[in-house]
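What follows is one structure encoded as structure tokens, with my remarks underneath.
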Amino acid sequence: MKIVIGILLAAGIAAAQSPKSDWTNLKKVAAGEEIRVSMSDGKSFRGQLQSSTDDSLIMIAASSQQTLARPQVSKIAIKGKSHRARNTLIGLGVGAGGGLAIGAGVDHGCARCFFGRNIGKEIFTPVGAIVGLGIGVAWPTGRWHDVYRSK
């Protein structure tokens, strides 16, 4: 129990060391990384970070360079890593496994089927794999994570 409490306290301290309202969090964002900036007047920009200073940030948005003053910036978010390939493979595996299980159930109930003993597995496994593949490709990936929020 003491270990769990220690881990939770350490996580809380780590989170407290880098609050989202700290502009220096931008120093951790690499030049060229995709960012989304929301301004206090309601405008927003999406593009690549070029550089940042204590007073502003410079980004490439819509093929033009934008210099945004710190007091007008209300939120900055970075795009997380894409997991499309991982999601696709997981969908393929789960779909094929589900199709195999359904096919095995169909084959089990069909001891004297005209088409053969494994027809259910032969049909449902690839169909399940294709369905799972489609779901894996369509699954959302690369969420936005806030780096800075004004107070």
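The values are calculated or read from the model by the stated rules, or taken from the named source; none is laboratory data. The structure displayed is predicted, hence computed values, not measured ones. Glycine gets a Cβ as well: all are built from the backbone with ideal geometry, and neighbour counts include every protein chain shown. For the accessible areas, the whole protein counts, side chains as well, though only heavy atoms, and no ligand, DNA or RNA atoms are used. Shrake-Rupley method; radii C 1.70, N 1.55, O 1.52, S 1.80 Å.
Side notes on the structure shown:
- Qualifying positions in the stretch 46-60 - under 10 Å from R70 (Cα atoms) and either touching a residue at least 12 places away in the same chain (Cβ under 8 Å) or among the basic types (K, R) (or both): S52, D54, D55, S56, L57
- Of all the residues in the stretch 71-88, those that are open to solvent by 30 Å² or more (accessible area, probe 1.4 Å) and assigned to a loop (DSSP other than H, G, I, E, B) number 3.
- Residues that are in contact with a strand residue (DSSP E or B) (Cβ under 9 Å, 6 or more places away or on another chain) and either in a loop (DSSP other than H, G, I, E, B) or open to solvent by 90 Å² or more (accessible area, probe 1.4 Å) (or both), drawn from the stretch 44-62: R46, Q48, D55, A62
- Apart from one condition, G91 fits all of (1) under 20 Å from the mean Cα position of the chain (by Cα); (2) open to solvent by 50 Å² or more (accessible area, probe 1.4 Å); the exception is (2).
- The single residue among A101, A96 that is more than 19 Å from the chain's Cα centre (by Cα), surrounded by fewer than 17 Cβ atoms within 10 Å (Cβ to Cβ) and part of a helix (DSSP H, G or I) turns out to be A101.
- First in the stretch 70-85 and at negative phi and of a type in the set (S, T, N, Q), second anywhere and in a strand (DSSP E or B) and open to solvent by 50 Å² or more (accessible area, probe 1.4 Å), Cβ under 8 Å, 6 or more apart: S74/R149
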